[in-house]
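The values are calculated or read from the model by the stated rules, or taken from the named source; none is laboratory data. This is a predicted model, so every value here is computed, not measured. Ideal geometry is used to build each Cβ from the backbone, glycine not excepted, and the neighbour counts take in all protein chains shown.
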Amino acid sequence: MRLLLPILLFATANVSGAQVQRSARAFEPAVSPWFGIASFGKRQSTSSQDATYRSSLTFGARGEIPLTQRIGLMGNVGFSPLAKQRTEDAVGTTLHERVTVYRADLALAWRFIPQAPVFFFGGGGILGASKPAMPDFDESVTEPRGLFGLGYDRPSSGRWNFRVAATGFITKASDPDPSSWSAGGPAPNVTAKSAVFDWSFEIGARYRLRRGS
């Protein structure tokens, strides 16, 4: 009997530890403010030039909730206040008016092991801009996009941890409305790209709304 009690206590502790390990979730209710850099691909073309947006600092916040032990749902919003219309032609590159670019997206995120620091995500969303990439069109634009990416959470037992994320976007560029042409004379024939690759790199902090195990 004297030997049986320590053995039972040891077995109970091991079972409890295993249950905690099995019940750990890869994602928890959390909010992550971030900043970074956003880069944009070529969006529209005429017979003489291509148009895109200049890369910009970007700021935003991501929220997450768990769905299963390894899968979570992430919502993200951001804006890039320093983008500019950028054109390229045979002579060189020209910067035009400043444009505010914003994004909103939703993604499923997963970790292969719940406690792993690296996670992956994929989903879709929209990009909006106060002006098209092609200059002299006065209208706001909204473009649908798909996304994929990966992130890294520095392990921490507290509520805060350091997070890095890199995201790639496949965006359907918009066609500027010819009626919004403001340069005088007929609007040029503008062709929008069917698939544009954009990307962003984000650094921030993640605040868990409840303390992790």
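Residue check: is Glu143 of a type in the set (Asp, Glu) and at pLDDT 95 or above? Considered against the rule, which asks whether it is of a type in the set (Asp, Glu) and at pLDDT 95 or above, Glu143 comes out as yes.
With respect to the conditions (1) of a type in the set (S, T, N, Q); (2) under 15 Å from the mean Cα position of the chain (by Cα); (3) over 18 Å from Ala129 (Cβ atoms), Ser80 lacks only one, and its number is (3). For region 52-103: of the residues being of a type in the set (Val, Ile, Thr) and not in a strand (DSSP E or B), which is modelled with the highest pLDDT? Only one residue fits best here, namely Thr68. Checking each residue in region 1-45 for being among the β-branched types (Val, Ile, Thr) and modelled with pLDDT under 95 picks out Ile7, Thr12, Val15, Val20. Sub-9 Å Cβ pairs linking a first residue in region 87-109 that is within 15 Å of Pro132 (Cα to Cα) to a second residue that is surrounded by fewer than 13 Cβ atoms within 10 Å (Cβ to Cβ) and modelled with pLDDT of 95 or more, at least 6 apart or interchain, are Thr87/Thr93; Thr87/Leu95, ordered by first then second residue. Just one of the listed residues (Tyr53, Tyr102) is under 21 Å from Gly168 (Cβ atoms), surrounded by fewer than 21 Cβ atoms within 10 Å (Cβ to Cβ) and of a type in the set (Ser, Thr, Tyr), namely Tyr102.
Quick grid of which residues meet (1) modelled with pLDDT under 95; (2) surrounded by fewer than 19 Cβ atoms within 10 Å (Cβ to Cβ); (3) acidic (Asp, Glu):
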residue: Arg159; (1), (2), (3): yes, yes, no
residue: Arg163; (1), (2), (3): no, no, no
residue: Ile170; (1), (2), (3): no, yes, no
residue: Pro178; (1), (2), (3): yes, yes, no
residue: Pro186; (1), (2), (3): yes, yes, no
residue: Phe197; (1), (2), (3): no, yes, no
residue: Ile203; (1), (2), (3): no, yes, no
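Residues are listed down the side, and each one gets a yes or a no for (1) under 19 Å from Asp50 (Cα atoms); (2) touching a helix residue (DSSP H, G or I) at 6+ places or on another chain (Cβ under 6 Å); (3) assigned to a strand (DSSP E or B):
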position: Asp105; (1), (2), (3): no, no, yes
position: Leu108; (1), (2), (3): no, no, yes
position: Gln115; (1), (2), (3): no, no, no
position: Phe121; (1), (2), (3): no, no, yes
position: Pro135; (1), (2), (3): yes, no, no
position: Glu139; (1), (2), (3): yes, yes, no
